[in-house]
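Novice: Below is a structure I'd like to ask you about.
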Amino acid sequence: MNLSKKDLNDESFNRMLQDAPTKSILLLEDIDALFEQREGGELYSGNLTFSGFLNALDGVRSQEGQILFMTTNHIEKLDPALLRPGRTDV
């Protein structure tokens, strides 16, 4: 999944996850570089918000039966909300 698209927003990211087949394996690389901008306490990556990103991963509209891998070179830069047990397991 390419998250560097300029037109990526909360809805399109959610749709990308929902449109992926059940029992699929998804890869998000360099997740530490995705949310580096802050506005009013909210993290942004273009039009994708951090809260929208988290909701797409495990919110009420999230799809079951997918495995999501995220890579990082700087785990210390990741927000604790992303690393909580149940959302990120390893």
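The values are calculated or read from the model by the stated rules, or taken from the named source; none is laboratory data. All values derive from a computational prediction rather than experimental measurement. Methodologically, a virtual Cβ is constructed for each residue, glycine included, from the backbone with ideal geometry; neighbour enumeration extends over all protein chains shown.
Novice: Among the numbered criteria (1) part of a loop (DSSP other than H, G, I, E, B); (2) at pLDDT 90 or above, which single criterion is violated by residue 85?
Specialist: (2)
Novice: Further, regarding this structure: Out of the residues in segment 60-89 that are free of Cβ contacts under 8 Å to residues at least 24 places away in the same chain and within 23 Å of residue 21 (Cβ to Cβ), which is surrounded by the most Cβ atoms within 10 Å (Cβ to Cβ)?
Specialist: 88
Novice: Here's a follow-up. Sort out which residues of segment 46-90 are β-branched (Val, Ile, Thr) and closer than 18 Å to residue 14 by Cα, and write them in order of number. Show your work before the answer.
Specialist: Keep residues of segment 46-90 that are β-branched (Val, Ile, Thr), which gives 49, 60, 67, 71-72, 75, 88, 90.
Scanning segment 46-90 gives 49, 60, 67, 88.
Novice: Next question. For segment 5-59, give me each residue that is hydroxyl-bearing (Ser, Thr, Tyr), surrounded by 12 or more Cβ atoms within 10 Å (Cβ to Cβ) and either out of contact with any helix residue (DSSP H, G or I) (no Cβ under 7 Å at 6 or more places or on another chain) or at pLDDT below 85 (or both). Can you show your working first?
Specialist: Initially, segment 5-59 is screened for residues hydroxyl-bearing (Ser, Thr, Tyr), giving 12, 22, 24, 44-45, 49, 51.
Next cut, surrounded by 12 or more Cβ atoms within 10 Å (Cβ to Cβ) only: 12, 24, 44-45, 49, 51.
The answer is 12, 24, 44, 45, 51.
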